[in-house]
Amino acid sequence: MSDFNGLLKQSNLIDGKWIGADGGGEIKVTNPASHDTLGHIPNCGAAETDRAIAAAARAFDDWSRSDLSQRTGLLHKLHDALMDNQEPLAQMLTAEQGKPLAEARGEIAISAAYIKWFAEEIRRAKGEIVPAPSADRKLLVTHHPVGVVAAITPWNFPSSMLARKLGPALAAGCTLVAKPATATPYSGLAWGALCQDVGFPDGVVNILTGSARAIGGAIMDSPTVRKVTFTGSTEIGKELIRQSADTVKKVSMELGGNAPFLVFDDADIDEAIKGAMVAKYRNMGQTCVCTNRFYVQAGIHDAFVERLKEASEALVIGNGAEAGVEQGPLIDTGAVEKVESMIDDARSKGAKVVSGGRRHAKGGTFFEPTVITGATSEMTFATDEIFGPLAAVFKFDTEDEAINAANATDFGLAAYAYTRDLGRAFRLNERLEYGLIGINSGLITTVEAPFGGLKESGMGKEGGSQGLEDYLSTKYTCIAGLT
Ligand code: NAP
């Protein structure tokens, strides 16, 4: 079996040493396309987490006061190490997660881009000297690293979700304890190997795998951890917010979504279909910003559905490692069952399956890209995240109706709209209750812009200049008696 250029780590990184779990426990990791065993990772718990937090706290003293040039220099080396290893890292990501290799290569590239962005952005994290009310005083506003940061990440983007946390944390001068998802631990562990290779000091980056509850519990209980940055489901995010209260930690939460995709009669249909395919089927529909609900205006509805059906049926399904494959397997059988139950629910409430609708003939967790029409607000996908290759199409008549339906959810992460009316584009910007809005584009994530949700999709931003703010504390210092 490939060791992906030595980057497949079967142990955990604490204080610069690669270790197993105290009790020797391990968890098997499998490839969701082939079901081959990729390896075994340590099943760590609270004791190992406490040691990782202690190591991060010891390392914080020097790291937080290190020269900015040292930190940015190491981050630039980390960027280069990632890009030098783009191919083995992408292959490893596809092997553990299932997404097509082309998407995995893209994820490694954007991970590297986040590291470079924050290496640059920290150089612009300026403070202020505020005009003082009296002449004998100077009022300083300065920024400082928040302290030890814990990062908990999901399986759908196992590399880039950590990049968006590790980059700003290390740039700001924080040290880190990270817990990647159990289904896809290797892309997370590889960050530890690369950080070590390029010379980050011991204890600055620590990476643990194992029991989410035990590791998460130790993180949340620790008064040493000053910030928790989490990407995952809204359900677990809410639990962590509650747990953060006892030690008043800073939290940032990138949670679930239920993205609407509005297509107005005046849309460019070719562009709308292009955007729909990427916003629906990227990562087999398993992204937080994936379209959950297509709202299509009556005049363009039938043409749009026909084109969406054709494009969905043309998708090449298979093992993501094979050339030309555009849709891999879903992450596990639970994901398949969720999609199936949503299709059954919609059918029983009058929707029509116009394409797909079943497990794919390839077996395992492969699923047919599915298009449903006649969707209504009573169906489960109107309120719940699908996280699979199911395109549900609702029909609407007026702009008001579409906006109200789009906003009728507890989530507020991403929304998309296709229209050539400039006035409408601005009305959508004002009225859509979403943190990310794509007008005439189905793919808008970029390192330069703040990524993050409103409402129950979370708090805090990743990327952009805002992505650094959560890792910095602001102090006000008054120096008096200066006459
Ligand atoms: P999840 O079940 O919430 O898990 C996310 C991470 O939290 C994993 O590392 C998981 O560990 C860990 N975890 C689970 N229970 C925990 C607990 N009690 N305490 C501490 N940590 C715990 O989510 P997922 O299924 O991996 O990811 C899919 C979700 O992530 C979707 O809802 C998606 O929308 C959301 N997401 C949001 C964004 C965004 O930027 N807003 C981006 C990507 C994904 P284990 O793996 O060991 O269970």
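Read the figures in this text as sums done on the coordinates, not as results from a lab. Nothing here was measured: the structure is a model prediction, and the numbers come from that model. Virtual Cβ from ideal backbone geometry, glycine too; neighbours counted across all protein chains shown.
Thinking of the range 405-477 as a set of Cα atoms, what percent of all their pairs are more than 22 Å apart?
That fraction is 31 percent.
Contact order normalised by length for the range 343-483, with contacts defined as Cα pairs under 8 Å and 6 or more residues apart; what percent is it?
So the answer I get is 14 percent.
Cα gyration tensor of the range 39-197, axes a ≥ b ≥ c as square roots of the eigenvalues: rounded (a/c below 1.5), prolate (a/b > b/c) or oblate?
prolate
What percent do you get for the relative contact order of the chain when only Cα pairs under 8 Å and 6+ apart count?
18
For every helix of n ≥ 4 consecutive DSSP H residues, a contribution of -39,500 (n - 2.57) applies; sum these over the chain, divide by its total residues, and give [θ] at 222 nm rounded to the nearest 500 deg cm²/dmol.
-12000 deg cm²/dmol
Run through all the Cα pairs of the range 156-295 and give the fraction in each 10 Å bin from 0, expressed as whole percent.
In order of increasing distance, the bins hold 10, 34, 29, 17, 9, 1 percent.
Hey, what does the equivalent ellipsoid look like for the range 283-430, semi-axes from the Cα gyration tensor as sqrt of 5 times each eigenvalue, largest first, whole Å?
Those come to 27, 17, 15 Å.
What is the angle, in °, between the Cα long axis of helix 298-313 and the longest principal axis of the Cα atoms in the chain? Nearest 10 is fine, range 0 to 90.
Helix 298-313 and the main axis of the chain meet at about 70 degrees.
If you rank E271, E469 by fewest surrounding Cβ atoms within 10 Å, what's the result?
So the ranking, lowest neighbour count to highest, is E271, E469.
Helix 101-121 versus the longest principal axis of the chain: what is the Cα-based angle in degrees, 0 to 90, to the nearest 10?
Taking Cα atoms only, the helix is inclined about 40 degrees.
Once you order the gyration tensor axes a ≥ b ≥ c over the Cα atoms, which shape class does the range 23-111 get: rounded for a/c under 1.5, otherwise prolate or oblate by comparing a/b with b/c? Intermediate values should be presented prior to the final figure.
Values: a/c = 3.90, a/b = 1.22, b/c = 3.19.
Oblate, because a/c is 1.5 or more while a/b does not exceed b/c.
What ranking do Y281, Y416 get, fewest neighbouring Cβ atoms within 10 angstrom at the top?
Y281, Y416
Shape call for the chain from the C-alpha gyration tensor, a ≥ b ≥ c root eigenvalues: rounded (a/c under 1.5), prolate (a/b greater than b/c) or oblate?
oblate
Return H144, H79 ranked ascending by Cβ neighbour count within 10 Å, so the fewest neighbours appear first.
Exposure proxy ranking, most exposed first: H144, H79.
Quick check: Cα centre of the range 347-410 to Cα centre of the range 200-278, how many Å?
Rounded to whole Å, the Cα centres lie 24 Å apart.
Could you tell me which of the pairs K274/K362; K116/K274; K77/K455 are separated by over 31 angstrom between their Cα atoms in the structure shown?
On the way: K274/K362 26 Å; K116/K274 29 Å; K77/K455 37 Å.
Beyond 31 Å: K77/K455.
With angles folded into 0 to 90 degrees, how steeply does helix 86-97 sit against the dominant principal axis of the chain? Use alpha carbons for both and round to 10.
So the inclination is approximately 60 degrees.
Cα-based Rg (one decimal) and Dmax (whole number) for the range 49-92, in Å?
Both quantities, over Cα of the range 49-92: 14.5, 37 Å.
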